[in-house]
1. What number of residues within region B:201-215 satisfy the criterion of being under 15 Å from B:Asp164 (Cβ atoms), of a type in the set (A, V, I, L, M, F, W, C) and either near the ligand (Cβ under 9 Å from one of its atoms) or open to solvent by 20 Å² or more (accessible area, probe 1.4 Å) (or both)?
2. Among the strands (runs of 3 or more DSSP E) confined wholly to region B:64-161, which include 2 or more residues that are among the β-branched types (Val, Ile, Thr)?
3. Quick check, is B:Leu213 part of a strand (DSSP E or B), more than 18 Å from the chain's Cα centre (by Cα) and within 14 Å of another protein chain (Cβ to nearest Cβ)?
4. Would region A:212-228 turn up any residue that is over 24 Å from A:Ile94 (Cβ atoms), open to solvent by less than 40 Å² (accessible area, probe 1.4 Å) and assigned to a loop (DSSP other than H, G, I, E, B)?
5. Just checking, which of A:Leu16, A:Leu42, A:Leu29 is within 14 Å of another protein chain (Cβ to nearest Cβ), of a type in the set (A, V, I, L, M) and open to solvent by 50 Å² or more (accessible area, probe 1.4 Å)?
6. Looking at A:Gln99 and the list (1) assigned to a helix (DSSP H, G or I); (2) more than 14 Å from chain B (Cβ to nearest Cβ); (3) open to solvent by 70 Å² or more (accessible area, probe 1.4 Å); (4) not small (Gly, Ala, Ser), which single condition is not satisfied?
7. Any residue at all in region A:115-136 that is part of a helix (DSSP H, G or I), more than 16 Å from A:Leu200 (Cβ to Cβ) and open to solvent by 10 Å² or more (accessible area, probe 1.4 Å)?
8. Since A:Glu34 meets every condition but one in (1) surrounded by fewer than 17 Cβ atoms within 10 Å (Cβ to Cβ); (2) in contact (Cβ under 8 Å) with a residue 24 or more places away in the chain, which condition does it not meet?
Amino acid sequence: MSADSVVSVVVLYPRLLGTYGDSGNATVLCRRAEARGLGSRLLTVDAGEPIPRSADIYVLGGGEDVNQTAAARGIEKDGGLAEAVDNGAVVFAICAGFQILGSPGLGMIDVHTEAMPTRAVGDLVTTPDGAELTDDVLIGFENHRGRTVLGPGVRPLGRVQRGIGNGAGDGADGAVSGRIFGSYLHGPALALNPALADHLLTLAVGPLPAAPTPDDTLVGRLRADRLQRIGRGH
Amino acid sequence: MRRTPRLAVAVAAGRLAVVLSKVLRFGSGQSVGGRVTLAVDPGSLRALAKGRRIVLVTGTNGKSTTTSMLAASLGTRVCTNATGSNLPPGVVAAMIGDNSRLAVFEVDELHIPRVIREVRPEAVLLLNLSRDQLDRMHEVGRVVRAWRDGLADSGAHVIAFANDPNVVAAVPAGRATWISASTMWDSDIGACPSCGAPLIITADSWICGSCDLKPPAASYVVADGVLTIDGVPHPLDLALPGRVNQTNAAFAIAAAAHFDVAPAEAISRINAVANVAGRYAHFTVGERPARLLLAKNPASWVSALEIVDPAAQVVISINARTADGVDTSWLWDVEFEKLAGREVAALGDRRADLAVRLDYAGVHVRECTDLDDAAASLPPGPLDVIGNYTAFDDLRRRHVG
Ligand SMILES: [Zn+2]
């Protein structure tokens, strides 16, 4: 890619899907692109506004039940997200945003979610399932009542070390299906897991320039602090 | 108040617990006393409330301040839980120590239905409702339902915030005095809390396109430091800073009117309220003048960032203990970008979380061990020191007293 590339990131329906600071994921993507000398464009699209068809990355966050239903209805009616995915866009969806991409919902990925009898609230630590993710662990916080079963067409984003994740008994958290990524990690996930953020940027715009790079001293300290705090120790 | 033998024993046990806990230095011991009393007599909350005229104050933000303002505005002795212990034991503790006939209590959002049922308040103030401690509250919608159920079988008069759809949806029809002000946090305005359709949001209002939920006409309107009551303007001159405290004052004035206190009288008493359990307290760190602010969730941060002195150096302390909510992701819902380019010291148990958030917001962040360290490390100037719930409390105890 060339240095004048601009990464465009859409935050989808933050009023409906943004309960746990998840729009921070878009901030992190933009800042990390800029730290490498790339341009970034952050677009916030609320329900009722047209969803752009040609952005690079779409982020969706967590939301309460009524909001989740309203969001799914709006996204389906607009049709822009499905079209963007067909055009090769990257999608990163957390919690309710993840659930609505499957069924019941938009049917864009092969996952099915139903209500769990108890709510999963607490730290969530997973081991990334794909070799392309260079962080040894993915860290976040989960707060949901969904039990998500993965279909044959998807693989997990991570294997749960600590916490509940998808809660379907297979030890999985989240799902990866082509360029669509879902997870129960909030925190927001990309602030806590910079390698995952960079992986999404790479998928969106190609190999990232080797220099300059973001200074990850603070996030390195935060990851160590969090892991120690939740008793995994290092 | 006539007391049953069991209640008398319960109250005596509660008082003893307060004394012991003070002697043994477990803090003020207030809510310990309430817990012991409730354990001995589970009916004590109801029994101690009997014969009193009670107002309850709830909402995500402004409970303590509004409670203090209302207690001050009544101009007489008032039983209140001014220490901020707003769970049932805290309310019981306040009543053990004070037989005043008038009582004003702040109550936690999720405990309000039970407290309404037991103390039978004359009035309930619903200040606002937005995301806070979601690991405990789970969902804003759950709190809306709890409020609606709690108010449904109570005869209490409701004084409520007309701009907040979550509040409006919780109030039974035809039962409220409505307060209106410019809202500053609207990110929890998503789907209609009554019917689930997306709300239509305009520059300064909202309406449901599907059911009839919309902001009700308010009889108390706050704008630019003036409170207009049924068309008559009353200028406010509060000792406390920020637009948010003008709204809190409007609630207190409306509630005082319910007790026949004239607005002018209530306003002059409320203007004089200068600090509420350390909020906005002025103190010094070494030689440096400092001011202490509480901001514990995204909505209260909107107000805090508005109040921060552009000439001051900013210190922020963040904890994530049980009372704060143990999840720190809410820091990303705060527009710390407003501090971009400034030097900010990060303190507290979770300063690593805060530092990453501030860094991404373009703030020059310095992680510091405590406030003295921060004061030594920041450029000269007064300090605006902002903490979330337990971080604020630690700072207040250590530096303000
Ligand atoms: Zn509606």
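1. Of the residues in region B:201-215, 4 are under 15 Å from B:Asp164 (Cβ atoms), of a type in the set (A, V, I, L, M, F, W, C) and either near the ligand (Cβ under 9 Å from one of its atoms) or open to solvent by 20 Å² or more (accessible area, probe 1.4 Å) (or both).
2. On the way: elements: B:102-106, B:123-126, B:157-161.
In region B:64-161, B:157-161 are the strands (runs of 3 or more DSSP E) which contain 2 or more residues that are among the β-branched types (Val, Ile, Thr).
3. Working: part of a strand (DSSP E or B): no; more than 18 Å from the chain's Cα centre (by Cα): yes; within 14 Å of another protein chain (Cβ to nearest Cβ): yes.
Considered against the rule, which asks whether it is part of a strand (DSSP E or B), more than 18 Å from the chain's Cα centre (by Cα) and within 14 Å of another protein chain (Cβ to nearest Cβ), B:Leu213 comes out as no.
4. Looking for residues that are over 24 Å from A:Ile94 (Cβ atoms), open to solvent by less than 40 Å² (accessible area, probe 1.4 Å) and assigned to a loop (DSSP other than H, G, I, E, B), one finds none in region A:212-228, hence no.
5. Details: A:Leu16 fails: open to solvent by 50 Å² or more (accessible area, probe 1.4 Å); A:Leu29 fails: open to solvent by 50 Å² or more (accessible area, probe 1.4 Å).
Being within 14 Å of another protein chain (Cβ to nearest Cβ), of a type in the set (A, V, I, L, M) and open to solvent by 50 Å² or more (accessible area, probe 1.4 Å) holds for just one of A:Leu16, A:Leu42, A:Leu29, which is A:Leu42.
6. (3)
7. First, the residues of region A:115-136 that are part of a helix (DSSP H, G or I): none.
No, region A:115-136 has no match at all.
8. For A:Glu34, the exception is condition (2).
The values are calculated or read from the model by the stated rules, or taken from the named source; none is laboratory data. The structure displayed is predicted, hence computed values, not measured ones. When we count neighbours, we look across all protein chains shown, and the Cβ atoms used for this are built from the backbone with ideal geometry, even at glycine. These accessible areas exclude ligands, DNA and RNA; they are computed on the full protein's heavy atoms, side chains included. Shrake-Rupley method; radii C 1.70, N 1.55, O 1.52, S 1.80 Å.
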